[in-house]
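Contents: one structure, followed by commentary.
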Amino acid sequence: MKTDRIGASFWGRSIVMLVVVLLTLGIAQSVQATPLGQRLRDLAAQRGRLIGAAAGWRFFVDQTQKDLLKAEFNVVTPENDMKWYCLHPSPNEYKWTWPAPNDQDPRTYLCSSADEYIAFAEANHMQVHGHVLVWHEWPTDEQGHEYSWLPNWIKNISATSLESVMRDHINTVVGHYRGRIQLWDVVNEAIDCNPNCGYRQSFWNNPNAMGTAYIPKAFIYAHNADSNATLIYNDYGIETINPKSNFLYQEIKNWRKAGAPINAIGIQAHIGVDFKDFQGFAKNMQRFANDLGLDIYITELDVQMNNSTQYQQQAEVYRNIVQTCLAQARCKGITTWGFTDKYTWLNYVPWGGPLSNPLPFNECFQPKPAYYAMQEALGGSHGPTFMLQAEAYNQQQGVSGDTHNDFIYNVHAGSWLRFNNVNLGNGFTTLKTCYAKGVDSNTTVQVRLDSLTGSIIAQFNTTNTGGWNNFAELPVTITGGTGVHTLYIGFNGNSDVGNFDDFLFEGTQAPPPGPFTLQAEKYDAQQGVETYATFIGFVDNGDWIKFNNVNLGNGFKQLRLGYAKGNKTKTRIEVHAGSLTGPKIAELTTTSTGGWNTFKEKTTTIKSGTGLQTLYFLFAGGDGVGNIDYFTFEKPHATASDVNSAAASEADNSVDETPEDADSSDTSSYLIYLPAISR
Ligand code: XIL
């Protein structure tokens with residue numbers, strides 16, 4: 001049994017265990033994780049936004065994580081290291097640096113040197129998001145112990161000293177980093193909505209001391225210490241218009257009356273894959289931006305999964321969050337809380353656990369679909385890529401997983417996994433497997449097409465990664481396979497092949513060889529349309545069809561539609577990538593072709609879209625959109641830069657459009673004439 005990534009005995013683990021984990025991290029294979037396409041920070045910078053991540057748990061011990069952080073992000077938040085416990089551990093002691101982790105002082109396993117963050121950020125041209133000056137007590141530590149990120153000494157100070165202690169802390173800390181920390185979370189989580197929204201009962205909110213006035217006062221002291229820093233009120237559960245954000249909205253006005261120089265709100269955005277109210281999110285940001293003149297930062301984004309087959313769903317939430325932020329000029333930045341599923345606080349809280357997988361990079365620091373969704377939403381493109389989760393097989397022999405974990409284990413010689421309908425497009429070049437293995441044994445993994453004895457497109461030997469919990473990435477070359485196949489992953493040799501988490505397929509930027517056609521009636525899912533032998537009919541307003549895994553390579557310039565339409569209703573076809581509300585990559589207006597059997601063609605420019613995409617064709621603007629025969633993607637882009645210039649150009653999204661002859665008042669009913677289809 002080799003399952004203890006976050007074992008059942010987890011809650012009882014001691015600091016000593018953490019030592020072991022940290023030491024293991026130290027010897028983890030260091031791989032250079034470089035996702036396809038452009039880096040997030042370059043894309044965000046082009047849009048004038050910040051893209052960041054929190055890093056904690058002594059992130060400096062892990063070189064790969066550090067490399068990824070500086071490559072991808074232009075702002076960093078110290079996850080715990082600027083909390084009182086680390087920065088101000090005793091009344092007259094400010095600890096800007098901490099020694100390396102050691103058993104003499106267990107705090108060294110929780111606190112990194114704040115000064116090192118600043119140095120790291122400056123060396124890599126990143127901003128620093130200071131977190132946090134005033135926070136209530138946090139009930140648990142990484143181990144689930146009763147604990148607080150407020151040091152014990154402070155809990156003994158008298159009500160009469162509370163204000164001066166807070167003021168001195170803010171003065172000293174903000175002053176120490178004046179000009180070097182651009183953003184400060186001044187007050188964190190001061191509102192509590194359980195059961196009704198009001199001010200949180202907390203150590204700070206002491207009626208015999210400052211009462212709730214501690215909030216405006218904290219802002220005033222922070223401003224006095226660094227008048228150029230952006231001062232933020234940060235909280236969770238304020239993403240949409242709800243009682244908590246309403247309360248905040250009102251109270252900010254009162255804080256201002258009390259003199260609080262507040263510049264921005266921080267929306268933490270600890271959300272789940274089921275989050276859907278992006279409109280409410282947009283409207284909420286709008287009122288804080290427009291009515292209160294505040295900037296907005298998304299400060300702690302993570303998207304918790306419930307089971308291990310939700311990578312794609314999670315990616316769409318990330319995509320929508322980035323899009324919603326970009327659509328709001330005052331949404332200045334997005335920071336994720338951690339950035340790899342290996343180091344996420346959700347592994348250590350009761351409502352999280354190892355199935356949460358909330359971040360854009362996986363256990364092996366490989367980019368998940370969520371990463372590529374963010375990249376695309378920021379205007380980037382990448383070559384074909386997709387990720388198979390080992391445990392999301394369609395059929396298997398001899399492997400097991402368990403409900404606490406999201407990988408497969410007990411993988412012995414003769415075990416295999418089968419994945420149906422894997423679209424290899426024009427072929428992938430690299431397979432990166434994320435696995436862990438705690439013994440030396442002679443084993444081989446083979447990826448085969450269509451049967452257990454089919455042709456091998458990739459193979460590798462698994463080696464000892466240093467432990468059954470120590471996941472590492474192994475890249476190998478893929479030697480064949482295009483189009484849609486059943487994939488078999490077979491395990492051979494000795495027993496104990498490994499614990500397997502993900503298989504990441506990556507391609508090159510090479511475009512598909514030429515134009516290709518999607519037959520309308522060959523959709524993977526649909527709403528409201530009817531299928532006839534070679535076309536779809538009864539296509540009405542709101543109907544849609546979906547095609548999975550369409551390989552757009554480096555992108556196409558033109559979309560050709562074959563359709564017939566016998567009415568004059570003004571209607572259109574929108575092509576969306578990823579989801580029905582994903583980016584609109586093309587749009588066509590359908591006009592009467594002179595009859596429901598008179599098929600004609602029409603073309604339009606494709607604005608964006610590369611790599612493997614789920615495409616939605618959404619029919620809108622009225623009923624009787626047409627009898628749709630096919631969609632041809634043509635004029636492939638030769639290079640990636642070609643794609644970008646096309647995406648940047650807004651011009652001309654309706655080439656060849658025949659003049660609009662629609663009579664929008666024509667809502668008369670129509671019939672599909674079935675018996676004699678000629679074209
Ligand atoms: C969390 C850290 O991620 C954990 O490592 C730590 O044990 C507790 O704090 N809201 C916040 C963050 O503002 O400071 C919290 O960070 C997560 C919730």
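The values are calculated or read from the model by the stated rules, or taken from the named source; none is laboratory data. Predicted model, so just to flag it, every value in this text is computed and none were measured. Don't worry about glycine lacking a Cβ; one is built from the backbone with ideal geometry, like all the others, and counts go over all protein chains shown.
Looking at segment 311-322, is at least one residue in contact with an Asp or Glu (Cβ under 8 Å, 6 or more places away or on another chain) and without any contact (Cβ under 8 Å) to a residue 60 or more places away in the chain? The answer is no, given that none of the residues of segment 311-322 is in contact with an Asp or Glu (Cβ under 8 Å, 6 or more places away or on another chain) and without any contact (Cβ under 8 Å) to a residue 60 or more places away in the chain.
Is one or more of the residues making up segment 312-323 assigned to a loop (DSSP other than H, G, I, E, B) and crowded, with 20+ Cβ neighbours inside 10 Å?
Kept after step one, since they are assigned to a loop (DSSP other than H, G, I, E, B), are these residues of segment 312-323: none.
Looking for residues that are assigned to a loop (DSSP other than H, G, I, E, B) and crowded, with 20+ Cβ neighbours inside 10 Å, one finds none in segment 312-323, hence no.
State all residues of segment 64-90 that are more than 22 Å from the chain's Cα centre (by Cα) and not in a loop (DSSP other than H, G, I, E, B); if no residue qualifies, say none.
TRP84, TYR85, CYS86, LEU87, SER90
Name the single residue that is farthest from the chain's Cα centre (by Cα) among those in segment 519-534 being among the hydrophobic types (A, V, I, L, M, F, W, C) and at pLDDT below 95. Only one residue fits best here, namely ALA533. Filtering segment 258-281 to residues that are in a helix (DSSP H, G or I) and within 25 Å of HIS131 (Cα to Cα) leaves only PHE281. Per the listing PRO99, PRO91, PRO35, the residue uniquely more than 16 Å from the ligand (Cβ to nearest atom), touching a Pro at 6+ places or on another chain (Cβ under 6 Å) and over 21 Å from ILE181 (Cα atoms) is PRO35.
Take ASP185 and tell me if it is among the acidic types (Asp, Glu), modelled with pLDDT of 95 or more and in contact with a strand residue (DSSP E or B) (Cβ under 6 Å, 6 or more places away or on another chain). If you could, list the steps in order and put the result at the bottom.
Working: among the acidic types (Asp, Glu): yes; modelled with pLDDT of 95 or more: yes; in contact with a strand residue (DSSP E or B) (Cβ under 6 Å, 6 or more places away or on another chain): yes.
So ASP185 passes the test.
Flag: ASP302 does not match the condition of being modelled with pLDDT of 95 or more and out of contact with any helix residue (DSSP H, G or I) (no Cβ under 7 Å at 6 or more places or on another chain). Of all residues assigned to segment 508-518, none qualifies as being among the β-branched types (Val, Ile, Thr) and within 17 Å of GLU391 (Cα to Cα). Can you tell me which of VAL303, VAL349 is among the aliphatic types (A, V, I, L, M) and crowded, with 24+ Cβ neighbours inside 10 Å? Answer to the selection: VAL303. Got a number for residues in segment 524-538 being within 16 Å of ASN597 (Cα to Cα) and either touching a His at 6+ places or on another chain (Cβ under 8 Å) or among the β-branched types (Val, Ile, Thr) (or both)? Of the residues in that region, 3 qualify. Here is a check on your reading of the model: is SER30 at pLDDT below 65, farther than 21 Å from SER112 by Cβ and surrounded by fewer than 17 Cβ atoms within 10 Å (Cβ to Cβ)? Against the criterion (at pLDDT below 65, farther than 21 Å from SER112 by Cβ and surrounded by fewer than 17 Cβ atoms within 10 Å (Cβ to Cβ)), SER30 does not qualify.
Tell me yes or no: at least one residue of segment 276-288 is surrounded by fewer than 22 Cβ atoms within 10 Å (Cβ to Cβ) and within 16 Å of the ligand (Cβ to nearest atom). Checking segment 276-288: not a single residue is surrounded by fewer than 22 Cβ atoms within 10 Å (Cβ to Cβ) and within 16 Å of the ligand (Cβ to nearest atom). Within segment 604-629, the set of residues being at positive phi, touching a Lys or Arg at 6+ places or on another chain (Cβ under 9 Å) and either buried (at least 22 other Cβ atoms within 10 Å of the Cβ) or β-branched (Val, Ile, Thr) (or both) comprises GLY624, GLY626. Residue check, SER381 against (1) modelled with pLDDT of 90 or more; (2) buried (at least 21 other Cβ atoms within 10 Å of the Cβ); (3) touching a helix residue (DSSP H, G or I) at 6+ places or on another chain (Cβ under 9 Å), all met but one. Which one? Exception for SER381: condition (1). Of the candidates GLU574, GLU601, the single residue that is touching a strand residue (DSSP E or B) at 6+ places or on another chain (Cβ under 7 Å), farther than 30 Å from THR324 by Cβ, without any contact (Cβ under 8 Å) to a residue 60 or more places away in the chain and surrounded by fewer than 18 Cβ atoms within 10 Å (Cβ to Cβ) is GLU601. Just to be sure, is ILE271 among the β-branched types (Val, Ile, Thr), within 13 Å of the chain's Cα centre (by Cα) and within 16 Å of the ligand (Cβ to nearest atom)? Taking the combined requirement at face value, the residue satisfies it.
Close Cβ contacts (under 7 Å, 6 or more residues apart or on different chains) running from residues in segment 62-84 that are under 26 Å from TRP135 (Cβ atoms) to residues that are of a type in the set (S, T, N, Q) and more than 16 Å from the ligand (Cβ to nearest atom) comprise ASN74/GLN127; VAL75/GLN127. Within segment 481-506, the only residue that satisfies the criterion of being assigned to a loop (DSSP other than H, G, I, E, B), at positive phi and surrounded by fewer than 17 Cβ atoms within 10 Å (Cβ to Cβ) is GLY483. Does segment 486-504 contain any residue that is more than 30 Å from PHE407 (Cβ to Cβ), aliphatic (A, V, I, L, M) and out of contact with any Leu (no Cβ under 6 Å at 6 or more places or on another chain)? Within segment 486-504, none of the residues are more than 30 Å from PHE407 (Cβ to Cβ), aliphatic (A, V, I, L, M) and out of contact with any Leu (no Cβ under 6 Å at 6 or more places or on another chain).
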